[in-house]
1. Indicate the gyration tensor shape class of the range 258-310 (rounded, prolate or oblate), computed on the Cα atoms with a ≥ b ≥ c the square roots of the eigenvalues: a/c under 1.5 is rounded; otherwise a/b larger than b/c is prolate and the rest oblate.
2. Taking springs between alpha-carbon atoms closer than 10 angstrom, which of 236, 276, 404 fluctuates most in the Gaussian network model of the chain?
3. For the chain, calculate the relative contact order in percent as a whole number, restricting contacts to Cα pairs under 8 Å that are 6 or more residues apart.
4. How high is the relative contact order of the range 47-135, in percent, with contacts defined as C-alpha pairs under 8 Å that are six or more residues apart?
5. Rounding to the nearest 10 and keeping the result within 0 to 90°, find how far the Cα-based axis of helix 403-415 lies from the longest principal axis of the chain.
6. Select one label from (1) 67, 46, 45; (2) 74, 51, 49; (3) 118, 49, 42: the one whose number is Cα extents along the principal axes in Å as derived from the coordinates shown.
7. Among 174, 323, which comes first, second and so on when ranked by fewest other beta-carbon atoms within 10 Å?
8. As I understand it, the value is the acute angle between the Cα axis of helix 190-202 and the longest principal axis of the Cα atoms of the chain; what does it come to in degrees, rounded to 10?
């Protein structure tokens, strides 16, 4: 059996294609049932996020084509189009890929932590749908252990690399105590949502979100015990703000020099830290000329982002080493498990032959045949039956010049010889 990882991600497919190949939560159970129902697929798990859709399967050899055909049929896509942006990995390469995904080495943002939670959700969904067997169960457990080790022993998740992280990181260089700082966030998109979350995690408890519609601002502010206002209320909110971070899609600046000057007078010129993430800008450049304003733009954040990316790259190299060790441990356990199954099958076969010979010997004794002759016949018959299949296999290996099998057999026979078992 072969371990297969097949999928598409942000590097190989456009967002339009990724949207078509993604599995919704309502589709996932039926998809796992269909995938697991393919004759060539013995176990299956599905990971589906905004940046990737990946199928992890235990399949017959050459199963990647069968799985790719099924993925195309399920989503109503031409397999030829899908194959142009799909990738697949087998066995140890598949295990390595899964572990790299789990620790964020294959993510758009290097080392991002959300993917591990998504992978755990995929694992639980597959368990619920009875898609997991011994092979994938073992693989996922090894993967989670490696991910935990990477997070514990490296700094891959400690240094921010996104604009939102960088803005908060820059603010932390200015404010010694975030718990006493008051923040005004302008906008309610994904970037501001991340900024709000990071500020809250850093200790900011007085948070105000300003947006064109109050309802959208409330959706973002409420979970963080923040306050929601409209853009018209910004001049009053600015008076109390120590931190201002803005990211909207407005075509013209929202904060002008005059508005900020008036707020500073009411603040008795207490400084304000400002980050303008928007393109085009939300804050007039002239605001940065005011003595008590520390204004930064997206370009200013690049230095922070690059510095932190360099730190993460060092951690990423350490993570690759831990992953190699994890793949090796998984392969070792897989070989042991495979050997155990072979031994169990061989012993069950031998027990069946023994029971057959035993029943025949007891039947002869019941008919009154000479016990000594019955015992001799039993020994001869049992020996022949036990040696028949291995003898045929050795002859076929010799005929086909399979020297690897003959050498392995010689080693096994030497280890099993009476001299070795005394």
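No lab work stands behind these numbers, since they all come straight from the coordinates. Keep in mind it's a predicted model, so treat the numbers as computed, not measured. Backbone-built Cβ (ideal geometry, glycine too); neighbour counts: all protein chains shown.
1. Numbers: a/c = 3.55, a/b = 1.99, b/c = 1.78.
The shape class here is prolate.
2. Most flexible of the set in this elastic network: 404.
3. Numbers: 575 pairs, mean separation 51.7, N = 422.
For the chain, the relative contact order is 12 percent.
4. Working: 43 pairs, mean separation 19.7, N = 89.
22 percent.
5. In the chain, helix 403-415 runs at an angle near 70 degrees to the longest axis.
6. So the structure-derived entry is (3).
7. Numbers: 174 12, 323 24.
With the sparsest Cβ surroundings first, the list reads 174, 323.
8. With rounding to tens, the tilt is 90 degrees.
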